[in-house]
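Asker: This structure is in structure tokens; I'll ask about it shortly.
The values are calculated or read from the model by the stated rules, or taken from the named source; none is laboratory data. Computed from a predicted structure; not experimentally measured. FYI the Cβ positions are ideal-geometry reconstructions off the backbone, even for glycines, and counts take in every protein chain you see. For the accessible areas, the whole protein counts, side chains as well, though only heavy atoms, and no ligand, DNA or RNA atoms are used. Shrake-Rupley method; radii C 1.70, N 1.55, O 1.52, S 1.80 Å.
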Amino acid sequence: MKAAVVVEAGHAPVYGDFRDPVPEVGKSIIHVTASSISHLTKSRASGTHYSSSDALPFVPGIDGVGRDGTGRRVYFVMPEIPFGGMGELCLVDERRLIPLPDALDDATAAAMAIPGMSSWAALIERAHLVRGETVLVNGATGTSGRLAIQIAKHLGARKVIATGRNTQSFGELRQLGADVTIQLTQDTESLAAAFSNEFRQGVDVVLDYIWGPSAEMLITAAATESREGTPIRYIEIGSASGASVALPGAALRSSALQLLGSGMGSIPMPNLMRTIQNVLNAAVPSDFRVSTHPMQLSEVKEAWANESDARIVLRP
């Protein structure tokens, strides 16, 4: 089969030939129609993600859309190594297949599933969001953050606060449901004041996609400005702005702040599968919006380097 193939750790995949998967009991061969290039896919392919495999060569792609042996259109996740989603075929455990709603197109499903799952799982499985609460999304201008705004409102958030560096997208964030936008590029004093103002008014859940310096300021604001004894569930999902933060112990002792992570390992796989199914089933009725940029699998080298805000979706 033709596929994108990682032949050397830390290097972009190349388009070429790869052996076909062989059928196994309990696993289906999927004829792939779409697979997106997500941050998770890139970090796993580079070997930097905690769930990465050291085996080379392999086909990247943590998920995608295709048809099983019966012709059923399905979403799949975590194909069997070394057969990732960025090939004409892949091998997938049947427990990791989800039938797709007829109204949801392949490219949208492939682009939406993982980033949508990231916020839905964090809000339901980790934060246990209660209808009417306030959610702050730190790093809301990317695909995951934009979906997080929509999903938080869908799940009952009364108010959503969105932060980001790309202020040109703030108008779109408000259209998607953000009630407040905060510019992360403003000076430190102004940013701290903006955070403090929101926590004084009340923030119940923080979804953090970027971590780093802004997380330190958010944690400080949460500890100093939130009402005494009021729990704030701070969920770390990504670390685009830094892998670590300086965490003052006083921030934990002096507040009801709860620091949690959300991702593979912190949530059981069956729960993640249920979450993805919920996202895909709600996508059309709730008009979840995600920007996609379809490209051919043969263009994987160019696609891998593409920095578009839209989610790149490869088609064999």
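Asker: Going by the alpha-carbon gyration tensor, a ≥ b ≥ c the square roots of its eigenvalues, is the chain rounded (a/c under 1.5) or, if a/c is not under 1.5, prolate (a/b greater than b/c) versus oblate?
Answerer: Prolate shape, in that a/c is at least 1.5 and a/b is the bigger ratio.
Asker: What are the residues whose amide H is under 5 Å from the amide H of residue 89, where those residues sit 5 or more places off or on another chain and H is modelled from the backbone?
Answerer: 32
Asker: Tell me which trypsin sites (Lys or Arg not before Pro) from segment 170-279 have a DSSP coil assignment and no more than 16 other beta carbons within 10 Å of their own.
Answerer: 227
Asker: If you filter segment 217-316 for GluC sites (Glu not before Pro), then keep DSSP loop positions with at most 13 other Cβ within 10 Å, what is left?
Answerer: 228, 307
Asker: Report, largest value first, the span of the C-alpha coordinates of segment 12-123 along each principal axis, in whole Å.
Answerer: The Cα atoms of segment 12-123 stretch 37, 35, 25 Å along their principal axes.
Asker: Same structure again: Quick check on the chain: of the DSSP beta bridges with both residues there, what percent are antiparallel, nearest 5%?
Answerer: Once the DSSP bridges in the chain are tallied, antiparallel ones form about 45 percent.
Asker: Can you give me the Kirkwood hydrodynamic radius for segment 256-316, using every pair of distinct Cα atoms, in Å to one decimal?
Answerer: In segment 256-316 this quantity evaluates to 14.7 Å.
Asker: Then there is this: Based on alpha-carbon positions alone, could you give the equivalent ellipsoid semi-axes of segment 55-190 from the gyration tensor, as √(5λ), descending, whole Å? Could the numbers behind the result be given before it?
Answerer: Numbers: eigenvalues 226, 61, 36 Å².
Rounded to whole Å, the semi-axes are 34, 17, 13.
Asker: Set the Förster radius R0 to 25 Å, insert the Cβ-Cβ distance between residue 239 and residue 281 as r into 1/(1 + (r/R0)^6), and round the FRET efficiency to 0.05. Each step should come with its number before you reach the end.
Answerer: On the way: r = 30 Å, r/R0 = 1.19.
Once the sixth-power term is evaluated, E becomes 0.25.
Asker: As a test of reading the structure, rank 119, 286 by solvent-accessible area (1.4 Å probe, protein chains only), most first. All intermediate terms of the calculation are to be shown ahead of the outcome.
Answerer: Numbers: 119 0, 286 45 Å².
Sorted by accessible area, descending: 286, 119.
Asker: Right, something else. Over the heavy atoms of residue 210, what accessible area does a 1.4 Å probe trace out, to the nearest 10 Å²?
Answerer: 20
Asker: Counting only pairs 8 or more places apart or on different chains, how many lysine pairs in the chain have C-alpha atoms closer than 28 Å?
Answerer: Count of close lysine pairs: 5.
Asker: Let me ask something additional. Put 19, 311, 289 in order of accessible area, largest first, 1.4 Å probe: what do you get? Write down the numbers at each step before the final one.
Answerer: Working: 19 145, 311 20, 289 125 Å².
Result, largest first: 19, 289, 311.
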